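**Q** First, the structure itself, so that you have it in front of you.
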Amino acid sequence: MSVTAQALENGKMMKIQISDRFDFNIHKDLRNIYKDNQPGCQYIIDLKEASYMDSSALGMLLQLREHAGGSKDAVKITNADQNIKEILRIANFDKLMTVE
């Protein structure tokens, strides 16, 4: 499992790539990526390489959204496979953040 980040647009946006399993094991790594960013930074969560997501991942996404200011545009999830998209849809995350 791996979490990597890349700052974009002079730090106003951050792309976070998650591979393998999106579960509680990456909580600390994910938190360390965004904890020092100012509210208002937008986040792109790239799940192209993620094969699994559990309920703790949903909680981490909510924490990230709150840290980023709480708007629907604060967090965008991209490249999720159909199983992960279905989890996000059932949990109504498509109403809380952008899911592509």
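**Q** Report yes if Ser19 is out of contact with any strand residue (DSSP E or B) (no Cβ under 7 Å at 6 or more places or on another chain), over 19 Å from Glu9 (Cα atoms) and hydroxyl-bearing (Ser, Thr, Tyr), otherwise no. First the steps, then the outcome.
**A** Values: out of contact with any strand residue (DSSP E or B) (no Cβ under 7 Å at 6 or more places or on another chain): no; over 19 Å from Glu9 (Cα atoms): yes; hydroxyl-bearing (Ser, Thr, Tyr): yes.
No; evaluated as a whole, the condition is false for this residue.
**Q** Give the residues of segment 22-79 that are over 16 Å from Gln6 (Cβ atoms), in contact (Cβ under 8 Å) with a residue 24 or more places away in the chain and acidic (Asp, Glu), sorted by residue number.
**A** Asp23, Asp54, Asp73
**Q** Looking at segment 82-96 only, could you name the residues that are surrounded by 14 or more Cβ atoms within 10 Å (Cβ to Cβ) and either modelled with pLDDT under 95 or not aromatic (Phe, Trp, Tyr) (or both)?
**A** Ile84, Lys85, Ile87, Leu88, Ala91, Asp94, Leu96
The values are calculated or read from the model by the stated rules, or taken from the named source; none is laboratory data. What you are looking at is a predicted structure, and each value in this text was computed from that prediction instead of being measured. Positions of Cβ are generated from backbone atoms using ideal geometry, with glycine treated the same way; all protein chains shown enter the neighbour counts.
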